[in-house]
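Note sheet for the following structure.
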Amino acid sequence: MTMNDESRQDALDTSGRRLDQIRLTGITALGYHGVFEHERRDGQTFVADVVVHLDTRRAAARDDLAHTLNYGELAEQVAAVLSGEPVDLIETVAERIAATVLASGVVQAVDVAVHKPNAPIQVPFGDVVVAIHRDRSKLPAAEPYVARPVAEPEPSSRPVPTSTATFPVTPAPGAPVVASGAWSDAVAPAPGGFSQGPDGPSTELEPVPAGEALVVGEVVTDVLDVEPDGPVEVVLALGANLGPAQDTLRDAVTDLARTPGIEVRDVSALARTSAVGGPEQSDYLNAVVLAQTTLAPRALLRATQAIEQAHGRERHERWGPRTLDIDIVLYGSVLAVTDDLELPHPRAHERAFVLQPWAQVDPDAVLPGLGGGPVGALAATAPDRDGVRWLALDWLTTAIPAVSGDTGAVPAGPGAEAQDT
Ligand SMILES: Nc1ncnc2c1ncn2[C@@H]1O[C@H](COP(=O)(O)OP(=O)(O)OP(=O)(O)O)[C@@H](O)[C@H]1O
Ligand SMILES: Nc1nc2c(c(=O)[nH]1)N=C(CO)CN2
């Protein structure tokens with residue numbers, strides 16, 4: 001009894017290449033899901049197949065479980081959902097499994113099929129299956145499942161499921177604990193979820209005082225894949241100058257807020273800015289989002305890139321026009337330089353189109369690292385400061401007249417459409 005071919009989908013990475021897969025089929029458990037009273041009372045067999053889409057190269061190159069998903073833990077988590085808190089629909093069971101699997105930062109997409117071979121159907125049938133595909137742009141309609149041991153036997157006569165869950169739960173995967181001090185603003189870890197290895201990669205790390213370079217070279221790549229042990233403050237810079245830019249940025253804020261592991265705390269005013277660098281192109285709309293995340297830095301990058309992709313981002317030339325750009329300006333106090341991720345963003349300190357909206361939403365903000373300092377002061381001296389034409393405060397709820405029906409292609413003259421703050 002396995003997931004049939006038509007329900008299995010290829011998932012692509014951000015460059016459009018097919019991801020690798022871990023397939024686990026026929027996970028079987030006694031569960032109590034169903035609409036009918038006898039299903040809730042007597043229970044029946046449920047079976048799940050899971051295909052996890054991820055990049056397995058790093059794990060293979062190092063022959064290290066810490067860089068992939070432990071299929072033993074995967075099986076246990078899926079079985080815990082099957083035998084856990086009863087719900088009416090196998091659709092809900094499938095969403096819970098998908099949410100739980102996607103809570104691991106290494107996973108980019110997941111296919112889940114939930115079978116109910118003994119379903120109360122009054123005609124002869126072979127099987128009934130709900131099959132879903134979820135990724136970071138089509139997120140599961142459920143929270144990750146957090147199973148916890150039952151403290152005392154339930155007084156009811158019905159058999160006690162092997163585990164129970166509390167919903168909703170904090171969508172933070174129980175991660176390998178990063179050496180304390182490596183991530184700022186961390187609070188208590190959430191239970192449950194996957195670890196990415198037997199002990200977690202963090203055991204190799206020393207605590208790093210905030211404001212110092214975290215680690216150089218090889219180990220940095222590991223640290224950037226490690227989930228923090230609690231929410232971390234992050235600053236994201238959004239920009240767009242192709243298509244309906246204001247709508248895209250507004251949708252992107254919604255997408256960020258809906259991403260498990262990201263909590264949007266504040267959104268800046270919207271800035272209209274002349275393009276910096278690249279070919280001649282139309283003005284940008286820029287904004288800054290203050291958020292907290294329980295995602296590892298690289299998982300956060302994947303999430304922001306997935307949102308860029310979902311809004312039609314294409315990469316043709318450096319600093320070319322774009323439907324949506326989301327840069328990670330800051331991730332707690334982490335300083336890191338790797339091939340795919342630099343923290344803080346290496347050009348944030350010299351970009352008024354980032355600094356001005358950031359200073360507007362957080363006047364006391366300070367950018368750490370090389371070239372850093374108080375954000376307001378950096379904004380006042382940034383080379384492109386004269387290119388910030390105006391800031392609109394209420395852009396999330398109101399169509400800005402100068403922007404609506406305008407893809408950003410209208411060259412704004414000095415003081416044009418000013419809504420200065
Ligand atoms: N802090 C960061 N935030 C986002 N992307 C980053 C960061 N550090 C490094 N990168 C890498 O930069 C790559 C190029 O990103 P992107 O195409 O959005 O650049 P850009 O927006 O054109 O230029 P810029 O980086 O100057 O803003 C990404 O694939 C990502 O791996
Ligand atoms: N005004 C403006 N200029 C840019 C922007 C941007 O968001 N706004 N983004 C760039 C690459 O990220 C390059 N240039």
- prompt: Of the residues that make up the range 229-249, is at least one of a type in the set (V, I, T) and away from ligand 1 (no atom under 15 Å from the Cβ)?
  reply: no
message: Please verify whether L301 is surrounded by fewer than 22 Cβ atoms within 10 Å (Cβ to Cβ), at pLDDT 95 or above, within 16 Å of ligand 1 (Cβ to nearest atom) and not in a loop (DSSP other than H, G, I, E, B), treating the condition exactly as stated.
response: yes
- request: Would you confirm whether any residue within the range 385-393 is modelled with pLDDT of 90 or more, away from ligand 2 (no atom under 14 Å from the Cβ), surrounded by fewer than 21 Cβ atoms within 10 Å (Cβ to Cβ) and not basic (K, R)?
  value: no
message: Being within 14 Å of ligand 2 (Cβ to nearest atom), part of a loop (DSSP other than H, G, I, E, B), touching a residue at least 40 places away in the same chain (Cβ under 8 Å) and buried (at least 20 other Cβ atoms within 10 Å of the Cβ): is that true of R318 here?
response: no
message: If the requirement is being outside the structural domain of D13 (by TED's automatic domain parsing), hydroxyl-bearing (S, T, Y) and more than 24 Å from A275 (Cβ to Cβ), which of these qualifies: T323, T381, T338?
response: T338
task: Evaluate the range 347-356: report whether one residue or more is modelled with pLDDT under 95, near ligand 1 (Cβ under 10 Å from one of its atoms) and either crowded, with 18+ Cβ neighbours inside 10 Å or not assigned by TED's automatic domain parsing to the domain that holds V232 (or both).
output: no
- line: If we keep only residues of the range 353-378 that are in contact (Cβ under 8 Å) with a residue 40 or more places away in the chain and aliphatic (A, V, I, L, M), then the residue nearest to ligand 2 (Cβ to nearest atom) is V354
- prompt: Scanning the range 336-352 for residues that are in a loop (DSSP other than H, G, I, E, B) and within 15 Å of ligand 2 (Cβ to nearest atom), which turns out nearest to G387 (Cα to Cα)?
  reply: R351
- prompt: Residues in the range 241-280 that are near ligand 2 (Cβ under 10 Å from one of its atoms) and surrounded by fewer than 23 Cβ atoms within 10 Å (Cβ to Cβ): how many?
  reply: 5
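Yes/no per residue for (1) farther than 16 Å from G31 by Cβ; (2) among the basic types (K, R):
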{"residue": "V47", "(1), (2)": "no, no"}
{"residue": "L54", "(1), (2)": "yes, no"}
{"residue": "R57", "(1), (2)": "yes, yes"}
{"residue": "Y71", "(1), (2)": "yes, no"}
{"residue": "S83", "(1), (2)": "no, no"}
{"residue": "L89", "(1), (2)": "no, no"}
{"residue": "E95", "(1), (2)": "no, no"}
Positions within the range 281-293 being within 12 Å of ligand 2 (Cβ to nearest atom) and either among the charged types (D, E, K, R) or closer than 18 Å to L367 by Cβ (or both), in sequence order: D283, N286, A287, V288
Residue count for the range 270-298, restricted to those that are among the hydrophobic types (A, V, I, L, M, F, W, C), under 15 Å from A257 (Cα atoms) and either within 14 Å of ligand 1 (Cβ to nearest atom) or not in a strand (DSSP E or B) (or both): 4
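The values are calculated or read from the model by the stated rules, or taken from the named source; none is laboratory data. Treat the numbers as computed from the prediction; the structure is a model and nothing was measured. Note: ideal-geometry Cβ built from the backbone for every residue, glycine included; neighbour counts use all protein chains shown.
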